[in-house]
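Enquirer: I am attaching a structure below and will ask some questions about it afterwards.
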Amino acid sequence: MHALKKTRPLRRIVLASAATVSGMVLLLSLKPHTSPALAVGTQSPVPSSSASASAGGSSGGSSGSTGKKATGTKTVTGDSVQTRWGPVQVRVTVKNGKLTEVTAVTYPQDNPRDQEINSYAIPQLRREALAAQSAEIDTVSGATYTSDGYRQSLQSALDSAGV
């Protein structure tokens, strides 16, 4: 007769319980994907605010430029880039053709893990952008999607600013 059949029913209960608990832990540890409908719904308010911020920043910078392309202070908001974990958008300030400030306007922060990753990644990406004076910056390990979105939005802002 088999060892698990009749002589040790408690062992079967313990093994079944352990397998159930292990399966539940694995299921709960998976990060859910954002559905396309939800991603589109969260993205639609962002472009309208970025369009007004971008237009306001561009018109303010061009009025103070006195006809030269690289003089004056200009604040421009880059395109909102949809990443796997949420949108990323960057605002830059350019003074006399030099990148003086980079601010992440929008980035994933819906859950504690996003907040933990981006509290480290966003300042590092900002430092690298200011040091490089361009969008040619390294990807932050552990924040690949945010880094890619940051780089794309930064490039669009720099293009709009004429740098």
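The values are calculated or read from the model by the stated rules, or taken from the named source; none is laboratory data. Predicted model, so just to flag it, every value in this text is computed and none were measured. Counting neighbours? That spans all protein chains shown, and the Cβs are built from the backbone with ideal geometry, glycine included. Heads up: the accessible areas ignore ligands, DNA and RNA and are worked out on the full protein's heavy atoms, side chains in. Shrake-Rupley method; radii C 1.70, N 1.55, O 1.52, S 1.80 Å.
Enquirer: Report ³J(HN,Hα) in whole Hz for each residue of segment 142-153, in order, from the Karplus equation J = 6.51 cos²θ - 1.76 cosθ + 1.60 where θ = phi - 60°; Gly and Pro get x.
Expert: x, 9, 4, 5, 4, 4, 5, x, 4, 5, 5, 5
Enquirer: Amide H of Gly78 versus every other amide H placed in the peptide plane: which residues, excluding those fewer than 5 positions away on the same chain, fall under 5 Å?
Expert: Amide H to amide H, under 5 Å and 5 or more residues apart or across chains, Gly78 pairs with Val90, Arg91, Val92, Ala157.
Enquirer: Given just the C-alpha atoms of segment 88-163, how large is their convex hull per residue in cubic angstrom?
Expert: Dividing the Cα hull volume of segment 88-163 by its residue count gives 68 Å³.
Enquirer: Further question on the same structure: Give the ranking of Arg151, Arg126, Arg8 by solvent-accessible surface, highest area first, calculated with a 1.4 Å probe.
Expert: In descending accessible area the options line up as Arg8, Arg126, Arg151.
Enquirer: Moving on. Whole-Hz ³J(HN,Hα) for each residue in segment 9-22, computed from phi via Karplus 6.51 cos²θ - 1.76 cosθ + 1.60 with θ = phi - 60°, x for glycine and proline: what do you get?
Expert: x, 5, 5, 5, 5, 5, 5, 5, 5, 5, 5, 5, 5, 4
Enquirer: Suppose each label sits 7 Å from its Cα in the direction of the beta carbon; what would the Asp159-Ser141 distance come out to in nanometres?
Expert: Computed distance between label sites Asp159 and Ser141 equals 3.2 nm.
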